[in-house]
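Everything below concerns the one structure shown next.
The values are calculated or read from the model by the stated rules, or taken from the named source; none is laboratory data. The shown structure was predicted, so the numbers you read here are calculated from the model rather than taken from an experiment. What goes into the accessible areas is simple: the full protein's heavy atoms, side chains included, and nothing from ligands, DNA or RNA. Shrake-Rupley method; radii C 1.70, N 1.55, O 1.52, S 1.80 Å.
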Amino acid sequence: MQKGLREICDGPITGLRFPPWVWDLLRRERITTLDQLRAVADRMERVYPGIGQRTAQAIRDEITRVTSSD
């Protein structure tokens, strides 16, 4: 696994669970809502240094998990 993907925790976007370093990246990029995250989810690995394909897919999977329960 990439950069501690096994260590996950709740963060400021309700319902989502990511590793602390992902929350730090989202905070640095001023992504504070699920809508903002959805808007960049399809291109995260191209836009944000440090996010590889596996991490980007894990983020997209987590968005799907949270939104499918709505």
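Which of rounded, prolate or oblate describes segment 23-70 when judged by the alpha-carbon gyration tensor and an a/c cut-off of 1.5?
oblate
Please give the per residue accessible area of the chain, computed with a probe of 1.4 Å over protein heavy atoms only, in Å².
On a per-residue basis, the chain sits at 64 Å².
Given the DSSP H assignment, sum -39500 (n - 2.57) over each helix run of at least 4 residues in the chain and divide by its residue total; what's the result at 222 nm in deg cm²/dmol, nearest 500?
-15000 deg cm²/dmol
Please report, as a whole percent, how much of the solvent-accessible surface of the chain comes from carbon and sulfur atoms (probe radius 1.4 Å).
Its accessible area is 49 percent carbon and sulfur atoms.
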